[in-house]
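**Q** Okay, here's the structure, questions in a sec.
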Amino acid sequence: MNLRESRRSRVQIPPGASFTYFLLDRIERHVDITEAFIPLEGVSILPMAPPRDNDNPRAEVPFDSLTTFLLDGSKGIVMKKGTWHWPPFPITEKVAFSVILSRKTLENDLDIRDIKPPIKILL
């Protein structure tokens with residue numbers, strides 16, 4: 001996925017960025033709760049895919065619908081139950097964000113999948 005060419009995402013790479021891509025090698029979802037990412041400092045990119053088949057613990061990840069969102073501090077993102085995602089990739093030297101979810105999510109509602117081969121996200 002090339003963010004420079006994507007119609008859904010427009011990214012301005014900050015001066016001094018020393019990378020051209022990220023490798024997405026894992027993705028996760030929570031089917032029982034919503035989750036929010038609120039950027040506090042810096043700029044990052046959040047990979048996401050829409051929820052599908054939340055009742056199926058072996059549901060396929062909809063890689064054909066994978067996209068990215070720019071977290072630049074102007075707004076946060078609240079994900080629907082079952083949204084596939086991975087923590088944001090930083091594109092500035094420092095980033096900080098708040099993650100809001102249920103206390104028991106990591107114990108009871110965490111479906112993590114390995115991605116092989118990893119997906120290259122180009123900047």
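Just so you know, all these numbers are worked out from the coordinates, no wet-lab data involved. In this text the structure is predicted, and so the values were computed from the model without any measurement. When we count neighbours, we look across all protein chains shown, and the Cβ atoms used for this are built from the backbone with ideal geometry, even at glycine.
**Q** Output ³J(HN,Hα) for the range 42-54: one whole-Hz value per residue in order, computed from phi by the Karplus curve 6.51 cos²θ - 1.76 cosθ + 1.60 with θ = phi - 60°, and x for Gly and Pro.
**A** Coupling constants for the range 42-54: x, 10, 9, 10, 10, x, 8, 9, x, x, 8, 6, 4 Hz.
**Q** Also, quick follow-up: Give me the aspartates and glutamates in straight-line cross-link reach of LYS94: C-alpha distance below 19 Å, same-chain residues under 8 apart excluded.
**A** GLU41, ASP72
**Q** Turning to a different aspect of this structure: Quick one: pull the percentage of alpha-carbon pairs in the range 21-122 with a separation above 25 Å.
**A** Numbers: 862 of 5151 pairs.
Here the long-distance tail beyond 25 Å is 17 percent of all Cα pairs in the range 21-122.
**Q** What is the set of long-range amide H partners of GLU35 at a cut-off below 5 Å, with H atoms built 1.01 Å from backbone N?
**A** HN-HN under 5 Å from GLU35: MET79.
**Q** Could you rank the peptides 113-121, 27-35 by their average count of other C-beta atoms within 10 Å per residue, with the highest value first? Intermediate results must be reported in sequence, preceding the final value.
**A** Numbers: 113-121: 12.2, 27-35: 18.0.
Going by the mean number of other Cβ atoms within 10 Å, highest first, we get 27-35, 113-121.
**Q** While we're here: Tell me the net charge near ILE33. Cut-off is 14 Å between Cβ atoms, ILE33 excluded, with +1 for each Lys or Arg and -1 for each Asp or Glu.
**A** Working: positive: ARG29, LYS80, LYS81, ARG103, LYS104; negative: GLU28, ASP32, GLU35, GLU107, ASP109, ASP111.
So the environment of ILE33 carries a net charge of -1.
**Q** Measuring from label point to label point, each 7 Å out along Cα→Cβ, what is the THR20 to VAL99 span in nm?
**A** Output for this residue pair reads 3.0 nm.
**Q** Follow-up. Please state the charge dipole magnitude for the range 21-122, taken about the Cα centre, from unit charges on C-beta atoms (+1 on K and R, -1 on D and E), reported in debye and rounded to the nearest 20. Could the numbers behind the result be given before it?
**A** Working: 13 positive and 15 negative charges, 11 e Å.
So the dipole magnitude of the range 21-122 works out to roughly 60 debye.
**Q** For the range 56-73, what does the Karplus curve 6.51 cos²θ - 1.76 cosθ + 1.60, with θ = phi - 60°, yield as ³J(HN,Hα) per residue in whole Hz, taken in order and with x for Gly and Pro?
**A** Whole-Hz 3J(HN,Hα) from phi for the range 56-73: 9, x, 10, 4, 6, 6, x, 4, 5, 10, 5, 9, 10, 10, 7, 9, 10, x.
**Q** Under 13 Å from the Cα of LYS104, which aspartates and glutamates turn up, not counting those fewer than eight places away in the same chain?
**A** Hits, sequence-local ones excluded: ASP32, GLU35.
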